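Peer 1: One structure follows; several queries about it will come next.
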Amino acid sequence: MQNDKPKFSSIDEYIAFFPADIQTLLIAMRSTIQTAAPEAIEKISYQLPTFFLKGNLVYFGVSKHHIGFYPTSSGMAAFQDELADYESTKGAIKFLLDKPLPLALIGEIVRFRVAENIKKAAGKARKTT
């Protein structure tokens, strides 16, 4: 069986694959994440745009009717009240394509994840010294 899903090597390629209206949302999402985590490295992981800083911070990706945002279960738990209006799972949030993205909230979640990853990495560094 042939897999017709494209393989992406960069976030630019990923965004360019989608129609212009979806690209606009993805660019806004990416920009918000870049602003909240300016030192993070962009990469593709699991064929999704991923931001990495001392570990994976967040992923995002397009589905048929939504953009999935994956801030890990800790990011979800820390913002459960703010995320109550969105369909979500333990580690993912669905932002419907026909609604504005909650960019301020996305930025807050990313900043939380940055602090979390830095603290976790510092703890690991202390254990090895």
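The values are calculated or read from the model by the stated rules, or taken from the named source; none is laboratory data. Values in this document were obtained by computation on a predicted structure and should not be read as measured data. A quick note on method: Cβ atoms are made from the backbone with ideal geometry, for glycine too, and the neighbour counts reach across all protein chains shown.
Peer 1: Which condition number does THR89 fail, the rest of (1) surrounded by 19 or more Cβ atoms within 10 Å (Cβ to Cβ); (2) of a type in the set (Val, Ile, Thr); (3) at pLDDT below 95 being met?
Peer 2: (1)
Peer 1: Which members of the stretch 76-86 meet the condition of being in a helix (DSSP H, G or I) and either surrounded by 14 or more Cβ atoms within 10 Å (Cβ to Cβ) or in contact (Cβ under 8 Å) with a residue 60 or more places away in the chain (or both)?
Peer 2: Passing the criteria: MET76, ALA78.
Peer 1: Condition (residue is surrounded by 14 or more Cβ atoms within 10 Å (Cβ to Cβ) and in contact (Cβ under 8 Å) with a residue 60 or more places away in the chain) applied to the stretch 115-126: is it met by at least one residue?
Peer 2: yes
Peer 1: Between a first residue in the stretch 50-65 that is in contact (Cβ under 8 Å) with a residue 60 or more places away in the chain and a second residue that is in a loop (DSSP other than H, G, I, E, B) and surrounded by fewer than 18 Cβ atoms within 10 Å (Cβ to Cβ), which pairs have beta carbons less than 8 Å apart while being 6 or more apart in sequence or on different chains?
Peer 2: So the pair list comes out as LEU53/GLU39.
Peer 1: Could you run through the stretch 96-115 and say how many residues are part of a helix (DSSP H, G or I) and either out of contact with any strand residue (DSSP E or B) (no Cβ under 8 Å at 6 or more places or on another chain) or more than 17 Å from SER63 (Cβ to Cβ) (or both)?
Peer 2: 12
Peer 1: In the list SER63, SER73, SER45, SER88, which residue meets the criterion of being touching a Gly at 6+ places or on another chain (Cβ under 9 Å) and more than 17 Å from THR32 (Cα to Cα)?
Peer 2: One residue alone meets the criteria, SER73.
Peer 1: Might you let me know whether the stretch 65-88 holds any residue that is of a type in the set (S, T, N, Q), in contact with a strand residue (DSSP E or B) (Cβ under 7 Å, 6 or more places away or on another chain) and closer than 20 Å to ASP12 by Cα?
Peer 2: The answer is no; no qualifying residue exists.
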